[in-house]
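Everything below concerns the one structure shown next.
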Amino acid sequence: MKNSNYIFGVAITLLGGILWGFSGACGQYLFTQKGVSADWLVPYRLLLSGIILLLVYIFKNPKILFLPLKNPRNLPTILLYSLIGLMLTQYSYFYSIELSNAAVATVIQYTAPVFILIVACLLEKRLPYIKELIALFLAIVGVFFLATHGEFGTLVISKTALLFCLISALSVVVYNFAPKRLNKEFPISLVLGWGLVIGGVVLSLYMRVWSLEGVSDFGGYLALGGIIVFGTILAFSFYMAGVSVIGPTRASLIAAIEPASAGFFSYFWLGTEFAFFDYFGFGLIMLCVFLLSKKD
């Protein structure tokens, strides 16, 4: 792997994680200040984001628009990526934010690198590298201090919230590994677009989204737009591009910048106050990112 490509992979993954953090802050804003539910937000997030991506290809290169769907052997992978990797990840994550808060949901979701590392080691038939174990430890400890201030007792949420947080973490593994072959054959944004549209259609029908109340003012539409454009289209595209360059294990750990990003936007936008342990957690996560950004 050339050094320039590796640096690009790290940078684009880092940017994707930052935008995910911004998306989480937008979601909490809609839940707490606009009365929106995850049942309404997530279907629209998926569907509108996917439609925008596919519209780009209608004008840019319409000949390849349906290529991922034409080969029957691609359909099981696309459905797995769409329904488990995208739809279930996003719904369970935002629903857990609605039931608890963004910090708790994020810290539990970031058990995902543990599962990704296990799968990667099994697929590659190897033990984890020392640097991967150290970075994994830093990421987990960092988000722990960020969400709990060092006290286990503060991480108290309902059983339902805990369940959906863990479902989100497990689903992250699927969208890291499932589209790997498809992303080599087709543009990443095209595969992502179809995944978002399929997941959005299924979830919209299941939730009967047309019967739910959504945003109704300018601030709500701005937050929704931020989630769709920055937190979905750009964040997923950047992250999946990073996965294709540096692999899912390192990408998932570098994306641990997400809780630090969410904390930053929460502080300057929503007025959330932070204590010493918050900054300590930020520092550990940044150290994890720095460690993983160094080439072997």
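The values are calculated or read from the model by the stated rules, or taken from the named source; none is laboratory data. Here the structure is a predicted model, which means the values were calculated and not measured. In this analysis, Cβ positions are derived from the backbone assuming ideal geometry, glycine residues included, and neighbour counts consider all displayed protein chains. These accessible areas exclude ligands, DNA and RNA; they are computed on the full protein's heavy atoms, side chains included. Shrake-Rupley method; radii C 1.70, N 1.55, O 1.52, S 1.80 Å.
The table for this structure:
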{"item": "MET286 vs. criteria open to solvent by 20 Å² or more (accessible area, probe 1.4 Å), hydrophobic (A, V, I, L, M, F, W, C) and in contact (Cβ under 8 Å) with a residue 12 or more places away in the chain", "result": "yes"}
{"item": "Which listed residue is free of Cβ contacts under 8 Å to residues at least 24 places away in the same chain, under 22 Å from the mean Cα position of the chain (by Cα) and closer than 18 Å to LEU253 by Cα, from ILE118, ILE140, ILE130", "result": "ILE118"}
{"item": "Selection count, the stretch 12-38, where residues are within 23 Å of SER211 (Cα to Cα) and open to solvent by 10 Å² or more (accessible area, probe 1.4 Å)", "result": "8"}
{"item": "One residue from TRP194, TRP210 being farther than 17 Å from SER92 by Cα and modelled with pLDDT of 95 or more", "result": "TRP194"}
{"item": "Listing of helices (runs of 4 or more DSSP H) fully contained in the stretch 25-134 that carry 1 or more residues being touching a Lys or Arg at 6+ places or on another chain (Cβ under 8 Å)", "result": "75-80, 89-99"}
{"item": "Residue check, ILE254 more than 16 Å from the chain's Cα centre (by Cα), at pLDDT below 90 and on the phi < 0 side of the Ramachandran plot", "result": "no"}
{"item": "Among the residues listed as PHE277, PHE230, PHE238, the single one being over 13 Å from GLY21 (Cα atoms), modelled with pLDDT of 85 or more and not basic (Lys, Arg)", "result": "PHE238"}
{"item": "Only listed residue being aromatic (Phe, Trp, Tyr) and in contact with a Phe, Trp or Tyr (Cβ under 8 Å, 6 or more places away or on another chain), chosen from PHE145, PHE177, PHE137", "result": "PHE145"}
{"item": "Of the criteria (1) at pLDDT below 75; (2) more than 28 Å from ILE228 (Cα to Cα); (3) of a type outside the set (Gly, Ala, Ser), which one TYR110 fails", "result": "(2)"}
{"item": "Residue in the stretch 39-47 that is among the hydroxyl-bearing types (Ser, Thr, Tyr) and open to solvent by 60 Å² or more (accessible area, probe 1.4 Å) present", "result": "yes"}
